[in-house]
Amino acid sequence: MHLIQTHPKVSYDILKEVDFPWPVAEIALQHHERWMGSGYPRGLSGGAIMMEARILGVADVVEAMAFHRPYREAQGLDKALKEISLNAASSMTLRW
């Protein structure tokens with residue numbers, strides 16, 4: 001699990017060297033942060049998480065649930081979207 005949790009920082013370290021017109025490296029770094037502060041790598045919460053990172057985080061969750069992972073079978077897009085809808089209010093992941 002620790003190795004998996006390093007990918008936002010590794011992505012940041014790679015992307016920060018590229019001159020994008022948007023803060024792409026920071027978005028990648030924050031995409032596993034969660035509204036209530038339970039995410040990683042920095043434990044950011046609420047409005048401290050960039051809107052773009054919140055959107056990317058939701059897309060990442062949908063993709064992770066919908067498709068096969070080495071540690072579990074794919075759950076399918078319909079189930080993934082239903083799960084997002086059911087948990088949006090309680091997790092505040094989708095709060096704008």
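The values are calculated or read from the model by the stated rules, or taken from the named source; none is laboratory data. Please read all numbers here as calculations on a predicted model, not as lab measurements. Note: ideal-geometry Cβ built from the backbone for every residue, glycine included; neighbour counts use all protein chains shown. These area figures cover heavy atoms from the full protein model, side chains too; ligands, DNA and RNA do not enter into them. Shrake-Rupley method; radii C 1.70, N 1.55, O 1.52, S 1.80 Å.
Assorted remarks:
- Between GLU63, GLU83, GLU17, the Gaussian network model of the chain with springs among Cα atoms under 10 angstrom shows the greatest mean-square fluctuation at GLU17.
- Heavy-atom accessible surface of the chain, averaged per residue, reaches 66 Å², computed with a 1.4 Å probe.
- Over the chain, DSSP H runs of length four or greater, each weighted -39,500 (n - 2.57), average out per residue to a 222 nm ellipticity of -15500 deg cm²/dmol.
- Estimated distance in nm for a label pair at SER11 and TYR71, the labels positioned 7 Å out from Cα along Cα-to-Cβ: 1.6
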